[in-house]
Amino acid sequence: MQGSPSMRIGVISDTHGLLRLEAISALSGVDQILHAGDVGDDRILDALAAIAPLTPISGNIDRSGRCGALPATEWVVLGGVTFYVLHDLQKLDIDPVAAGVGVVVSGHSHQPAIEWRKSVLYLNPGSAGPRRFRLPVSLALVTVVGDLPQAKILRLL
């Protein structure tokens with residue numbers, strides 16, 4: 001896929017029923033949005049899908065409505081890179097390297113993190129919803145150029 005145009009992916013998690021204007025603004029212009037669970041309100045699914053195609057999963061608080069019917073994990077290929085999305089990284093039930101995954105996306109901890117392990121990018125965008133303790137309110141942007149994902153955390157507050 002060398003020479004292919006870049007793809008921008010917005011990654012958000014732990015909205016817990018609150019979709020901030022800052023998050024909507026930060027996601028404007030992305031090609032795809034991944035939501036790593038704890039959506040908290042069906043209307044957030046609609047609002048995010050109005051920005052870009054949306055791939056959401058459920059989190060531990062998503063128990064009813066459309067949020068409760070979301071899958072617990074999701075595989076999606078974006079820009080030639082396979083993303084595996086789950087809510088709680090502690091429940092990772094695959095070997096990402098053996099499965100050909102390029103990016104593992106998780107939420108749950110509310111702590112933003114970007115870490116390379118072997119050839120896999122592990123990304124937690126942090127929480128974009130209500131502030132928890134002194135943790136930042138954030139989301140992430142991933143740019144895929146060729147077959148290389150590059151991630152950055154955006155602090156919203």
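Quick notes
- Residue match in region 62-84 (condition: farther than 17 Å from residue 149 by Cα, over 12 Å from the mean Cα position of the chain (by Cα) and in contact (Cβ under 8 Å) with a residue 40 or more places away in the chain): no
- Residue in region 133-155 that is under 17 Å from residue 33 (Cβ atoms), touching a helix residue (DSSP H, G or I) at 6+ places or on another chain (Cβ under 7 Å) and not aliphatic (A, V, I, L, M) present: no
- Here is the figure for region 121-157: residues that are touching a Leu at 6+ places or on another chain (Cβ under 8 Å) and basic (Lys, Arg) total 2.
Conditions tested, residue by residue: (1) touching a Pro at 6+ places or on another chain (Cβ under 7 Å); (2) in a strand (DSSP E or B).
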residue	(1), (2)
8	no, yes
16	yes, no
23	no, no
29	no, no
45	yes, no
59	no, no
62	no, no
74	no, yes
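- Count of region 106-129 residues, restricted to those that are among the polar types (S, T, N, Q) and more than 22 Å from residue 23 (Cα to Cα), is 1.
- If you go through region 45-71 and pick out every residue that is among the β-branched types (Val, Ile, Thr) and either touching a helix residue (DSSP H, G or I) at 6+ places or on another chain (Cβ under 7 Å) or farther than 14 Å from residue 12 by Cβ (or both), you end up with 2.
- Within region 91-124, considering residues that are closer than 25 Å to residue 41 by Cβ and outside any strand (DSSP E or B), the one most open to solvent (accessible area, probe 1.4 Å): 91
- Tally of residues being among the charged types (D, E, K, R), under 13 Å from the mean Cα position of the chain (by Cα) and either within 19 Å of residue 73 (Cβ to Cβ) or open to solvent by less than 60 Å² (accessible area, probe 1.4 Å) (or both) across region 7-39: 2
- Residues located in region 125-157, provided they are on the phi > 0 side of the Ramachandran plot and open to solvent by 10 Å² or more (accessible area, probe 1.4 Å): 133
The values are calculated or read from the model by the stated rules, or taken from the named source; none is laboratory data. Note that the coordinates shown come from a computational prediction; the quantities given were computed from them, not determined experimentally. Here the Cβ is made from the backbone with ideal geometry for all residues, glycine too, and neighbour counts use every protein chain on show. Note: accessible area is taken over every heavy atom of the protein model, side chains too, but ligands, DNA and RNA are not part of it. Shrake-Rupley method; radii C 1.70, N 1.55, O 1.52, S 1.80 Å.
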